[in-house]
Amino acid sequence: MAKAATPWGQAELVEELTLAQRAGDKRFAYTTGGSARRGPVTLRKRDLERLRAGLAERPGLAEALGLRPP
């Protein structure tokens, strides 16, 4: 499995799910010094629906998060 560095130490990359989030023209991510950074995560209802659909296709991630696909 692939490894990833986190602020808490090394981690195994189980699966990855990316949800693009926007509010008007704004995106919920920014960069500083070439590193991508995120602010607090705010999920709207449609974001949660997309998250559930994505987790249904990524059972390893759903299990790691303690969630079951719908």
Original post:
How many nm is it between the label spots at residue 42 and residue 2, if each spot is 7 Å from the Cα in line with the beta carbon?
Top reply: 3.0 nm
Original post:
Expressed in nm to one decimal, what extension gain is obtained for the pair residue 14 and residue 51 from 0.36 nm per residue of sequence separation less their Cα-Cα distance?
Top reply: 11.7 nm
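Since every read-out is calculated from the coordinates, none of them should be taken as a lab result. Here the structure is a predicted model, which means the values were calculated and not measured. Ideal geometry is used to build each Cβ from the backbone, glycine not excepted, and the neighbour counts take in all protein chains shown.
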